Amino acid sequence: QVQLVESGGGLVQPGGSLRLSCEASGRIFSIYFMGWYRQTPAKQRELVATITRDSTTSYADFVKGRFTISRDNAKNTVYLQMNNLKPEDTAIYYCRGFGDDYDYWGQGTQVTVSS
């Protein structure tokens, strides 16, 4: 069993940056996909970015060029660097680790973009 714990959320002004971290209690090297998702009260949970075990990345169109996902298997940690944040990026951000027969979620971290 793997537990995922997110951190790094907070309040930031428009145009600012935050880096989210997702630390796994176990080894994430064996987890094929790691991803970041977000959810607001008005929307269903949506995909932000994913990264495979060999660091192939994929992004939602609304974050391309602004967000970067990365993973450090030695530290059992996945990161989401978020730059040029906009008010519409305000959401709870969740970390997910999944594969063919497993699916792990973190508890989420709040990101608020406001002046």
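The values are calculated or read from the model by the stated rules, or taken from the named source; none is laboratory data. Given the structure is predicted, the values throughout are model-derived calculations rather than measurements. With ideal geometry, Cβ positions are generated from the backbone for all residues, glycine too; neighbour counts draw on all protein chains shown. Accessible surface is based on the protein model in full, side chains and every heavy atom, while ligands, DNA and RNA are left aside. Shrake-Rupley method; radii C 1.70, N 1.55, O 1.52, S 1.80 Å.
The residue pairs whose first member lies in the stretch 7-26 and is β-branched (V, I, T), whose second member is surrounded by 14 or more Cβ atoms within 10 Å (Cβ to Cβ), and whose beta carbons are closer than 7 Å, counting only pairs six or more residues apart or on different chains, are V12/L18; V12/L85; V12/V113. Could you please let me know if I31 is in contact (Cβ under 8 Å) with a residue 60 or more places away in the chain and among the aliphatic types (A, V, I, L, M)? Against the criterion (in contact (Cβ under 8 Å) with a residue 60 or more places away in the chain and among the aliphatic types (A, V, I, L, M)), I31 qualifies.
Number of residues in the stretch 13-60 that are more than 19 Å from N83 (Cβ to Cβ), surrounded by 12 or more Cβ atoms within 10 Å (Cβ to Cβ) and among the β-branched types (V, I, T) equals 4.
From the list I69, I92, I51, the lone residue that is more than 14 Å from V113 (Cβ to Cβ) and touching a Lys or Arg at 6+ places or on another chain (Cβ under 9 Å) is I51.
Within the stretch 49-58, is there a residue that is of a type in the set (S, T, Y) and free of Cβ contacts under 8 Å to residues at least 12 places away in the same chain? So that I can check it myself, show each step before the final result.
Start the filter on the stretch 49-58 by keeping residues that are of a type in the set (S, T, Y), which leaves 50, 52, 55-58.
Filter once more, keeping what is free of Cβ contacts under 8 Å to residues at least 12 places away in the same chain: 56, 58.
Yes - at least one qualifying residue is present in the stretch 49-58.
Could you please find all residues in the stretch 77-115 being farther than 13 Å from F33 by Cα and either of a type in the set (K, R) or in a loop (DSSP other than H, G, I, E, B) (or both)? Result: N83, N84, L85, K86, T90, G106, Q107, G108, S114, S115. Of the residues making up the stretch 61-76, those that are assigned to a strand (DSSP E or B) and either open to solvent by less than 60 Å² (accessible area, probe 1.4 Å) or touching a residue at least 40 places away in the same chain (Cβ under 8 Å) (or both) number 5.
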